[in-house]
Amino acid sequence: MLFLILGAASCAAPFLSLAANRIVVGEGVALWRAAPVQHSAPALFLLGLGLLLGLLQSRPVLRVAGAVLSLAGLFWLLSMGAAALLADAGRYARVSPAAGFWCLLVICALLLADALSQLQPGPRTRAAALALTLLCVAGLLKAGLLSDLSIAQEFAPRKAAVLDAFIRHLWLAFGSLGLAALIGLPLGVLCHRHSRLREALLPLLSFLQTIPSLAMFGIMIPLLGWIGTQFPAAQAIGIAGIGFAPAFLALVLYSLLPVVANTVAGLESIPPAVRDAARGIGMTTWQRLFRIEIPLGLPVILTGLRIVLVQNTGLAVIAGLIGGGGFGTFVFQGLNQTATDLILLGALPTVALAMVAAIVMDILIEITQPQRGSET
Amino acid sequence: MIEIDGLSKFYDNKAAVDAVSMTVETGTITVIVGTSGSGKTTLLRMINRLETADAGEVRIHGEATDSLAPHLLRRRIGYAIQGHGLFPHYTIARNIGAVPALLGWPEDQIRARVDELLSLFSMEPAQFRDRYPAELSGGQQQRVGVARALASRPDLLLMDEPFGALDPIIRARAQDDLRRIQRALGSTILLVTHDMEEAIRLGDRIAVMDGGRLVQHGSPTGIIRNPATGFVAEMVGGVERPLRLLSLLPVADIVEPGTAPGEAIAPTTNLRDALALCLWSGRDALPVQTDDGRAARVTLKAIRAQAQGPG
């Protein structure tokens, strides 16, 4: 019911916005006037029908179908509306989605998420749903259905740069996670074994975490700059005050606390009787670590890695400020040029990347949960 | 034969276990009884070196336990604890086969041993082999815990309050199972408990510990009849002493010729149950089954004579 009311309310807000060029503020266009009636009528019908299906609380399958239908209607309207509006406008005109579209998108997505969680899908189904969603988005983009939108027009001349930024962003987010895991997991195991090391290390890592990200990047600049000038060998492998290296290092430092703390928590979550039994039956320290402690602590450890991955995907945007590359480059360019579409070109893929990473990690965490049966 | 020789453990210069010496015969159950803080668990854990002894040594078949690396020693000694400590991510079969796998037994030999043990504990192998511990009831989990401890046919089985987490009915059944399986396999068992009832039910020998010292070590009847200290007398339970004594003796010991009304009882029935039957049915004597069909009976008077304390 909530979704339907919100959906109806969002119809009042402008659906698309038409501007004379990429800088000026656009004028809102209402939902029903966005496209010629032969397109808008069936699209609106789909949207309404989908939201109505969403009302059937007891039929989650129909609710999923409803969410998919309304999403289809929404994008149809967006695609057709953009094309129709541009046809009558000037050469530099830009059409972008406005508040109405974003609200409806969020409502449909929430409906979909709510209906899907009602179905309680297993990890395999969720992975399949994610893959299907990604395929649909890719298909939508590939088919050029959204190429009339302003953000696509920002993308067109920057194709190579966007791909480059994507790869750089992945390196920043996943590379720093990898290095942090490589350092943090053994540190976590050591902290678990030696309480004195834990008492010294965890506060230090917590302190690192409290440094604001901009300040952290700032600290890296003179530090690595000095190293770069003092040691030519370091400079040769790309260590300098600005660029990839300081951004990467800052992200690794941020990642250490969640990785180490969750490794310790994961190992500590193992019941004392299990630990005692593992020792008592004659497992060596290493056998206990790899056969008992890590497998049983894995869900908590992976939760730490998930936090890091989502956090770093977002934080890597700030790396754009010190020449670290990634999607942040477009965000800051856009901010400088007051070009909202360019900001979105950096922000939307970042959000999508973080969401996909979070869902994939959630699926992994669920797979590694120890077997559970009926409690008696 | 397991020899414990002057074993001691100190915490902050205070003896948790104070120069304990005793000998455990092969193929018997010795139960170590004591209140919490008596040092009984520490004593047990020093035998498989989960705790290091500050003085003294343990010899298994004449071989000192500190001549082996601790993890190798522990693979030779079964270990079962309260709350079972099963590995939640291992199937029942992998749990039971854990020690043989550590010892490098071949795959098919482990599988055969697992099935053998499951059957021994009245659990259908095909039904339980591939399940996970969380899918089992508390009593079943506990049986798997004991099966795991027995899997590699260890020289010695250490059990630390193995039945502590079970309700009374399941516990009694588990105790009977353990007794039956110990008899069948001829295992040597050292079991720690705070429950004297359990000690009397299970023990061939009972060792009573108090304040880190071994205060008495002997047969259950010996300990009930002649408690060495006031503490032991309290442990064997003032008013219940005669009944506990009777529970250890079979009717066969005091059977006499003669007739009595009612249905005949088995000669293996213990005297406590026979007494209860007399009192409940208001009879002075009960008929006892015999092999050759001759009339035999046990009288209330004879039972009473058995329950009488010294002096």
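Quick look at the numbers
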| item | result |
| --- | --- |
| Leading residue by the ranking (surrounded by the fewest Cβ atoms within 10 Å (Cβ to Cβ)) among those in segment A:287-316 that are more than 16 Å from A:GLY188 (Cβ to Cβ) and within 14 Å of chain B (Cβ to nearest Cβ) | A:GLN287 |
| Count - residues of segment A:25-37 that are open to solvent by 70 Å² or more (accessible area, probe 1.4 Å) and within 29 Å of the chain's Cα centre (by Cα) | 1 |
| Where A:THR329 falls short, out of the listed (1) within 14 Å of chain B (Cβ to nearest Cβ); (2) open to solvent by 40 Å² or more (accessible area, probe 1.4 Å) | (1) |
| Enumeration of residues in segment A:111-121 that are in contact (Cβ under 8 Å) with a residue 40 or more places away in the chain and either within 21 Å of A:PRO349 (Cβ to Cβ) or surrounded by fewer than 12 Cβ atoms within 10 Å (Cβ to Cβ) (or both) | A:LEU112 |
| Matching residues in segment B:97-107 - criterion: being within 11 Å of another protein chain (Cβ to nearest Cβ) and assigned to a helix (DSSP H, G or I) | B:ALA98, B:VAL99, B:PRO100, B:ALA101, B:LEU102 |
| Answer residue from segment A:200-241, given it is β-branched (Val, Ile, Thr) and outside any loop (DSSP other than H, G, I, E, B) and is surrounded by the fewest Cβ atoms within 10 Å (Cβ to Cβ) among those | A:THR210 |
| Residue count for segment B:127-146, restricted to those that are in contact with a His (Cβ under 6 Å, 6 or more places away or on another chain) and either within 11 Å of another protein chain (Cβ to nearest Cβ) or not in a helix (DSSP H, G or I) (or both) | 2 |
| Conditions (1) closer than 30 Å to B:ILE2 by Cα; (2) open to solvent by 60 Å² or more (accessible area, probe 1.4 Å); number of the one not met by B:LEU279 | (1) |
| Failed condition for B:ALA149, given (1) of a type in the set (A, V, I, L, M); (2) out of contact with any helix residue (DSSP H, G or I) (no Cβ under 7 Å at 6 or more places or on another chain); (3) within 23 Å of B:GLY27 (Cβ to Cβ); (4) more than 12 Å from chain A (Cβ to nearest Cβ) | (4) |
| Segment B:49-72 - residue that is open to solvent by less than 30 Å² (accessible area, probe 1.4 Å) and of a type in the set (A, V, I, L, M) and, of those, farthest from the other protein chains (Cβ to nearest Cβ) | B:ALA64 |
| Subset of segment B:293-311 that is more than 26 Å from the chain's Cα centre (by Cα) and among the small types (Gly, Ala, Ser) - its residue that is most open to solvent (accessible area, probe 1.4 Å) | B:GLY311 |
| Flag if A:SER40 is open to solvent by less than 40 Å² (accessible area, probe 1.4 Å), under 19 Å from A:ALA152 (Cβ atoms) and among the hydroxyl-bearing types (Ser, Thr, Tyr) | no |
| Close pairs (8 angstrom Cβ cut-off, 6 or more residues apart or separate chains): in the same structural domain as A:LEU47 (by TED's automatic domain parsing) in segment A:11-35, in a loop (DSSP other than H, G, I, E, B) and among the polar types (S, T, N, Q) anywhere | A:ILE23/A:THR338 |
| Residue that is farthest from the chain's Cα centre (by Cα) [pool: residues in segment A:47-70 that are open to solvent by 40 Å² or more (accessible area, probe 1.4 Å) and closer than 27 Å to A:SER150 by Cβ] | A:LEU69 |
| Criterion: within 30 Å of B:SER152 (Cα to Cα) and in the same structural domain as A:PHE166 (by TED's automatic domain parsing) - qualifying residue of A:PRO232, A:PRO258, A:PRO272, A:PRO299 | A:PRO272 |
| Members of segment B:201-233 that are out of contact with any helix residue (DSSP H, G or I) (no Cβ under 7 Å at 6 or more places or on another chain) and polar (S, T, N, Q) | B:SER219, B:ASN226, B:THR229 |
| Condition met for A:ALA180 (at pLDDT 85 or above, surrounded by 15 or more Cβ atoms within 10 Å (Cβ to Cβ) and either more than 30 Å from A:ALA87 (Cα to Cα) or among the aromatic types (Phe, Trp, Tyr) (or both)) | yes |
| First in segment B:36-62 and under 19 Å from B:LEU156 (Cα atoms), second anywhere and part of a loop (DSSP other than H, G, I, E, B) and aliphatic (A, V, I, L, M), Cβ under 6 Å, 6 or more apart | B:MET46/B:ALA53 |
| Meets criteria (closer than 23 Å to A:LEU201 by Cβ and of a type outside the set (Val, Ile, Thr)) for A:PHE244 | no |
| Segment B:152-171, subset open to solvent by 10 Å² or more (accessible area, probe 1.4 Å) and in contact with a Leu (Cβ under 9 Å, 6 or more places away or on another chain), residue farthest from the other protein chains (Cβ to nearest Cβ) | B:ARG153 |
| The one condition in (1) surrounded by fewer than 21 Cβ atoms within 10 Å (Cβ to Cβ); (2) part of a helix (DSSP H, G or I) that A:ARG22 fails to fulfil | (2) |
| Per-region count, segment A:242-285, residues of a type outside the set (Phe, Trp, Tyr), more than 9 Å from chain B (Cβ to nearest Cβ) and open to solvent by 40 Å² or more (accessible area, probe 1.4 Å) | 6 |
| Looking only at segment B:73-90, and only at residues there that are more than 7 Å from chain A (Cβ to nearest Cβ) and over 20 Å from the mean Cα position of the chain (by Cα), the one that is surrounded by the most Cβ atoms within 10 Å (Cβ to Cβ) | B:LEU86 |
| Criterion violated by B:GLN175 - all others in (1) within 22 Å of the chain's Cα centre (by Cα); (2) within 11 Å of chain A (Cβ to nearest Cβ); (3) part of a helix (DSSP H, G or I); (4) of a type outside the set (Asp, Glu) satisfied | (2) |
| Residue in segment A:220-238 that is free of Cβ contacts under 8 Å to residues at least 24 places away in the same chain, under 22 Å from A:LEU170 (Cα atoms) and within 31 Å of the chain's Cα centre (by Cα) present | yes |
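A quick yes/no check of all residues on (1) open to solvent by less than 10 Å² (accessible area, probe 1.4 Å); (2) not in a helix (DSSP H, G or I):
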site: B:ALA184; (1), (2): no, no
site: B:VAL192; (1), (2): yes, yes
site: B:ALA207; (1), (2): yes, yes
site: B:GLN216; (1), (2): no, yes
site: B:GLU240; (1), (2): no, no
site: B:LEU246; (1), (2): yes, no
site: B:GLY262; (1), (2): no, yes
site: B:ASP273; (1), (2): no, no
site: B:ASP291; (1), (2): no, yes
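One line per residue, one yes/no per condition, for (1) at pLDDT 85 or above; (2) open to solvent by 40 Å² or more (accessible area, probe 1.4 Å); (3) among the acidic types (Asp, Glu); (4) part of a helix (DSSP H, G or I):
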| position | (1), (2), (3), (4) |
| --- | --- |
| A:ALA129 | yes, no, no, yes |
| A:LEU132 | yes, yes, no, yes |
| A:VAL137 | yes, yes, no, yes |
| A:LEU141 | no, yes, no, yes |
| A:GLY144 | no, no, no, no |
| A:ALA156 | no, yes, no, yes |
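The values are calculated or read from the model by the stated rules, or taken from the named source; none is laboratory data. As the structure is a computational prediction, the values presented were derived from the model and not from experiment. We place every Cβ from the backbone using ideal geometry, glycine too, and count neighbours over all the protein chains shown. For the accessible areas, the whole protein counts, side chains as well, though only heavy atoms, and no ligand, DNA or RNA atoms are used. Shrake-Rupley method; radii C 1.70, N 1.55, O 1.52, S 1.80 Å.
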